[in-house]
1. Does any residue in the range 86-113 that is among the β-branched types (V, I, T) come within less than 9 Å, Cβ to Cβ, of a residue that is in a loop (DSSP other than H, G, I, E, B) and buried (at least 19 other Cβ atoms within 10 Å of the Cβ) six or more places away or on a different chain, and which pairs are these?
2. Does V245 satisfy the condition of being among the hydrophobic types (A, V, I, L, M, F, W, C), modelled with pLDDT of 95 or more and open to solvent by 50 Å² or more (accessible area, probe 1.4 Å)?
3. Which is closer than 30 Å to G195 by Cβ, open to solvent by 20 Å² or more (accessible area, probe 1.4 Å) and either more than 18 Å from the chain's Cα centre (by Cα) or of a type in the set (S, T, N, Q) (or both), of S95, S114?
4. So the check is Cβ under 6 Å with 6+ separation or different chains; which pairs have a first residue in the range 121-138 that's surrounded by 12 or more Cβ atoms within 10 Å (Cβ to Cβ) and a second one that's in a helix (DSSP H, G or I) and aromatic (F, W, Y)?
5. Could you list, in sequence order, all residues of the range 1-48 that are more than 21 Å from I272 (Cβ to Cβ), open to solvent by 30 Å² or more (accessible area, probe 1.4 Å), modelled with pLDDT of 95 or more and not in a helix (DSSP H, G or I)?
6. Would you point out the residue of the range 254-294, among those that are modelled with pLDDT under 95 and in a helix (DSSP H, G or I), that is least open to solvent (accessible area, probe 1.4 Å)?
Amino acid sequence: MASSNFKDHLGRPIVAVTGMGIITSLGQGLSDNWAALTSGKSGIHKITRFPTDNLSTKICGTVDFIDIPVPNSVERSFAFARETTIEALAQAGLSGDFNGPLFLAAPPIEPEWSARFELADRSPPAAKPGDAYDRFMAALRQRPDPAFQEAALFGAISERLSDQFGTRGLPVTLSTACASGATAIQLGVEAIRQGRTDRALTVATDGSVSAEALIRFSLLSALSTQNDPPEKASKPFSKDRDGFVIAEGAATLVLESLEAAVARGAKVLGIIKGAGEKADSFHRTRSSPDGGPAIATIRAALADAGFSESDIGYVNAHGTSTPENDKMEYSSMLAVFGEGLKAIPVSSNKSMIGHTLTAAGAVEAVFSLQTMLTGTLPPTINYINPDPTIALDVVPNVKRDAQVSAVLSNSFGFGGQNASLVMTREPA
C-alpha cells in the first residue's frame with residue numbers, strides 16, 4: 001500500500017495505537033480491568049493507608065496491591081507507570097530499547113509531610129532564623145536519602161522510565177491537572193504527525209492519594225462524603241451526587257504512525273483520530289459556568305478529526321460526580337450535539353474507578369478503545385436517582401452491547417485545562 005494511503009484528511013500521518021496497559025482500583029492489567037468495569041464492579045473502598053479520624057471523606061480508589069520499596073507518592077506513581085508500560089509494550093510486540101520519545105503525565109507531588117518531619121528531626125539546631133534549607137541540606141549530606149531525593153524531583157519518574165525502556169531524547173513530564181493523561185496522548189500524536197518520530201510512548205500515572213491530598217480536595221468541597229457504602233459514593237449525573245472519589249491508577253499507550261505499524265505487522269487496536277485542547281481562565285479550580293472552553297475543546301477535537309457531530313457513536317464522559325462539573329459537561333455536549341445528544345450513549349468510568357486525577361485521560365482513552373474493540377459499552381453505575389436537568393443516556397447500571405466506530409473522550413481539569421480525544425477503529 002502506498003504511503004499516501006496512511007495520511008489523514010489534512011495530509012498528516014495517521015496515528016495508531018498498538019499497545020495498551022492499565023492499572024486502576026479494579027486491578028492490574030487490561031483483561032481484569034475490563035471484565036470488572038463491564039460487570040459494573042466498583043473499586044472504591046475505605047481508606048486504610050492513613051487514619052481518617054475527624055475527616056469528612058473516608059473512602060478512595062487507591063491501588064494497594066503493587067509492591068513499592070518506599071511508601072510515598074513518587075514510588076507508587078513510578079511503579080504504576082512501569083507496570084502499565086511493560087504490559088503495553090508486550091501487547092505491541094516491542095522489546096529492547098523503545099527508541100522513541102516519552103511523554104509522561106505525572107502528579108505535581110512533593111515529599112510527604114512525614115518525610116519532611118523526619119528530615120527536620122535529624123537536622124542540626126537552627127543557628128539563625130530562616131536557615132531551614134541549609135539545615136536540611138546538612139542533614140542530607142551527613143546521611144544521604146535517595147528516596148527523599150527522588151520524591152523531591154518532579155522529573156524523576158520520567159527519567160527512570162526512560163532509562164528502563166530506552167526512550168529517545170529528553171523525556172517530557174507534564175501536569176495539566178485532570179486533563180494530563182489526554183494531553184500526554186496529544187503530545188505523542190503531534191510528534192508523529194509532525195514527522196519527528198514513527199512511535200511515541202505516552203504514559204499517565206497517579207499514586208498521589210495521601211492525607212494531605214485528601215484534605216486539600218476536601219477544603220475545596222470537591223470530594224464525596226457519602227462514605228457508607230463506599231461503592232455507592234461515585235454517582236455521575238445523578239441528582240444526589242455530592243463530589244468525586246479520589247483514586248489512583250495509570251495507563252500507557254504505544255502510539256505509532258499507521259504506516260510504521262503496518263510495515264512491522266503490528267496489530268492495530270485503534271486510531272487517535274483527533275485531539276482538541278482549550279484553556280479556561282474563569283477560575284483556579286471551577287470551570288466556566290457557560291461551558292464555553294469545554295464546548296470549544298470538543299469542537300476542536302472534532303475538527304482535528306475531520307468529523308461532524310453525527311460521526312460520534314459514544315462519549316466517554318469526564319463525569320466526575322461533582323454537582324457543578326457534571327452539569328457543565330452536559331450543557332457543553334448539548335451545545336455541540338444538540339438534539340442528537342439524546343441518541344448518543346454517554347457513560348462515566350469514574351462511577352466505578354473513581355477519579356484517577358492525572359491518569360484519568362489516559363485510563364479513559366484505554367477504556368474508550370476497548371469499547372470499540374469489544375462492542376461493549378461500560379455502564380454508569382449508581383444511577384438510581386436521575387438528575388432531571390441532565391437528559392443523557394448514561395448506559396445506566398448495566399453494560400450494553402453496541403458496535404461503535406468513533407468515540408469522544410472528555411477530560412476537563414482544574415485550572416481550566418480542557419482536552420478531548422476522538423478515537424476510531426482501525427481504518428479499512
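1. Every condition considered, the pairs that remain are I109/N72; I109/G207; I109/S208; I109/S210.
2. On the way: among the hydrophobic types (A, V, I, L, M, F, W, C): yes; modelled with pLDDT of 95 or more: yes; open to solvent by 50 Å² or more (accessible area, probe 1.4 Å): no.
It is false that V245 is among the hydrophobic types (A, V, I, L, M, F, W, C), modelled with pLDDT of 95 or more and open to solvent by 50 Å² or more (accessible area, probe 1.4 Å).
3. Working: S114 fails: closer than 30 Å to G195 by Cβ.
Exactly one residue qualifies, and that residue is S95.
4. S123/F136
5. Q28, S39, K41, H45, K46, T48
6. Checking each candidate, the answer is A294.
Residues checked against (1) of a type in the set (A, V, I, L, M, F, W, C); (2) more than 21 Å from the chain's Cα centre (by Cα):
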{"residue": "T205", "(1), (2)": "no, no"}
{"residue": "L223", "(1), (2)": "yes, no"}
{"residue": "S234", "(1), (2)": "no, no"}
{"residue": "V262", "(1), (2)": "yes, yes"}
{"residue": "K267", "(1), (2)": "no, yes"}
{"residue": "G274", "(1), (2)": "no, no"}
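Each row is one residue, and each column tells you yes or no for (1) crowded, with 23+ Cβ neighbours inside 10 Å; (2) in contact (Cβ under 8 Å) with a residue 24 or more places away in the chain; (3) among the hydrophobic types (A, V, I, L, M, F, W, C).
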| site | (1), (2), (3) |
| --- | --- |
| S331 | no, yes, no |
| L334 | no, no, yes |
| G338 | no, yes, no |
| L357 | yes, yes, yes |
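The values are calculated or read from the model by the stated rules, or taken from the named source; none is laboratory data. Nothing here was measured: the structure is a model prediction, and the numbers come from that model. Cβ: placed from backbone, ideal geometry, glycine included. Neighbour counts: every protein chain shown. These accessible areas exclude ligands, DNA and RNA; they are computed on the full protein's heavy atoms, side chains included. Shrake-Rupley method; radii C 1.70, N 1.55, O 1.52, S 1.80 Å.
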